[in-house]
Amino acid sequence: MLLSIAAEASEAWLDVERAYIRQSPNATSPVIGLLERGDRVQVAEESGAPEGWTLLHPFGAVRSRYLAAVPPEGTGAPFDYLYGRVIARSAEVRSSASSEARVVGHHARGHVLAFKPPTAGPGEWLERPDGTFLARADVKFLVGSALEGVSEPPPELAWVLRRVRVHAPDDPKGATAVLERYTALEVFSVGSKVQTSRGTVPRDAIRLSHAHPRPAGIGPQERWVHVDTLEQVLTAYEGDHLVFATLVSTGKRGWETPTGLFRVWLKLRHGEMRGRRAAYLVEEVPHSLFFGEDTALHGANWHDRFGTAVSHGCINLSPADAAWLFRWAPPELPEGWHGILPGSAGLQALWVSIEHGDAHQAAAARATARSARNALPAECSGLTENGAGTAG
């Protein structure tokens with residue numbers, strides 16, 4: 001049972017690298033949340049907690065010795081960071097902004113790192129969140145995608161994957177228009193070409209999203225998302241109501257995103273991700289929702305290839321879409337918390353349904369094909385679903 005605080009709350013800051021938030025002020029109580037150094041939390045001024053513990057608002061408890069009345073030095077808002085990819089074979093990490101400074105580590109080519117914004121314009125050195133430095137020449141800055149999903153979308157939506165020229169619908173003069181990448185279009189019909197609100201678009205130039213039925217086991221008021229790894233799209237629902245749609249990037253070949261029905265077990269503001277089977281490192285990955293064993297929906301500020309499978313198994317969203325999903329997905333993260341474990345806290349969590357293609361449409365197509373075969377004359381009964389005849 002969660003211990004809630006009704007007393008007036010004040011502020012405190014975590015002054016150790018990380019700490020667990022427990023369900024009650026007891027070292028054996030279940031872990032329900034996480035804090036990292038510099039996180040600001042709300043505490044009760046008159047909590048009456050056992051000695052050595054501080055009760056948090058709106059619930060939970062943390063050891064008092066981990067907290068400070070003022071922010072620790074060197075901490076800042078993680079989403080103010082700049083991100084860059086290491087382009088040197090082995091970039092040296094130095095203790096200060098000088099080539100004569102002590103080397104305290106290395107980062108391999110391809111690592112995506114966080115940096116503090118420069119205070120005096122571009123220079124030769126980039127400062128890391130921990131106060132160490134990398135040479136500017138060893139890093140290529142990254143710019144996050146401008147993709148933003150559609151709220152309250154129509155039941156069927158097409159996303160343009162590449163710049164394409166289309167004929168305007170019902171224009172007797174045959175006028176054409178250019179549709180830019182990531183343009184969202186309402187869909188009227190789908191075939192080898194797709195009829196949309198802006199004209200006819202080649203099927204291979206778009207990704208399609210549409211409303212899905214609520215899976216068994218999800219309540220009529222619960223929030224859930226559907227991810228189609230074939231179309232590379234995500235749709236979000238409140239019960240049976242479609243509220244959001246966007247493009248994503250799921251696992252590439254050999255790193256396929258698992259399919260099935262899952263529930264989010266960890267909601268994390270940001271954190272480092274490392275590869276187990278591949279040597280990759282990404283720091284301060286924002287807005288992560290973990291499900292399954294170690295798969296997550298999260299923001300990706302290191303590529304702009306949404307609509308294409310490029311990840312190592314996670315579901316990548318644009319920075320704006322990841323922020324929207326994180327705010328919308330239950331449970332709400334208490335102010336200042338770094339992360340929350342909904343199951344341990346006894347709170348509802350987001351459902352995640354993942355399919356490769358549309359199982360419901362495929363089943364309907366197979367049923368239609370069977371009905372058509374059953375209606376054929378006897379001499380045509382050798383036809384197969386793909387239209388090929390058997391010898392005889």
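The values are calculated or read from the model by the stated rules, or taken from the named source; none is laboratory data. Because the structure is a prediction, the values reported are computed rather than measured. Cβ placement follows ideal geometry from the backbone for every residue including glycine, while neighbour counts extend to all protein chains displayed.
Okay, residues lined up against (1) aromatic (Phe, Trp, Tyr); (2) under 30 Å from residue 68 (Cα atoms); (3) not in a strand (DSSP E or B):
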site: 282; (1), (2), (3): no, yes, no
site: 288; (1), (2), (3): no, yes, no
site: 302; (1), (2), (3): yes, no, yes
site: 306; (1), (2), (3): yes, no, yes
site: 309; (1), (2), (3): no, no, yes
site: 326; (1), (2), (3): yes, yes, yes
site: 332; (1), (2), (3): no, yes, yes
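Looking across the stretch 4-43 at every residue that is among the hydrophobic types (A, V, I, L, M, F, W, C) and surrounded by fewer than 18 Cβ atoms within 10 Å (Cβ to Cβ), the one that is modelled with the highest pLDDT is identified as 31. In the stretch 54-72, the residues that are within 12 Å of residue 24 (Cα to Cα) form Cβ pairs under 8 Å with partners that are surrounded by fewer than 20 Cβ atoms within 10 Å (Cβ to Cβ) and among the basic types (Lys, Arg), at six or more places apart or across chains, as follows: 54/63.
The residues in the stretch 97-117 that are on the phi < 0 side of the Ramachandran plot, surrounded by 14 or more Cβ atoms within 10 Å (Cβ to Cβ) and outside any strand (DSSP E or B) can be counted, and the count is 4.
Residue-level check: of (1) of a type outside the set (Gly, Ala, Ser); (2) in contact (Cβ under 8 Å) with a residue 12 or more places away in the chain; (3) surrounded by fewer than 20 Cβ atoms within 10 Å (Cβ to Cβ), residue 233 misses just (3).
Take the conditions (1) modelled with pLDDT of 85 or more; (2) more than 24 Å from residue 266 (Cβ to Cβ); (3) not β-branched (Val, Ile, Thr); residue 71 misses just one of them, which is (1).
Of all residues in the stretch 111-132, those that are among the hydroxyl-bearing types (Ser, Thr, Tyr) and modelled with pLDDT of 90 or more have Cβ atoms under 7 Å from Cβ atoms of residues that are surrounded by fewer than 18 Cβ atoms within 10 Å (Cβ to Cβ) and outside any strand (DSSP E or B), 6 or more apart or on another chain, in 132/95. Of all residues in the stretch 189-201, those that are at negative phi have Cβ atoms under 9 Å from Cβ atoms of residues that are surrounded by fewer than 15 Cβ atoms within 10 Å (Cβ to Cβ) and among the hydrophobic types (A, V, I, L, M, F, W, C), 6 or more apart or on another chain, in 194/188; 195/188; 196/188; 197/188; 198/168; 198/177. Exactly one residue among 108, 158 is more than 22 Å from residue 320 (Cβ to Cβ) and in contact with a strand residue (DSSP E or B) (Cβ under 8 Å, 6 or more places away or on another chain), and that residue is 108. One residue stands out among those in the stretch 220-261 that are of a type in the set (Gly, Ala, Ser) and not in a strand (DSSP E or B): the one that is modelled with the highest pLDDT, which is 239.
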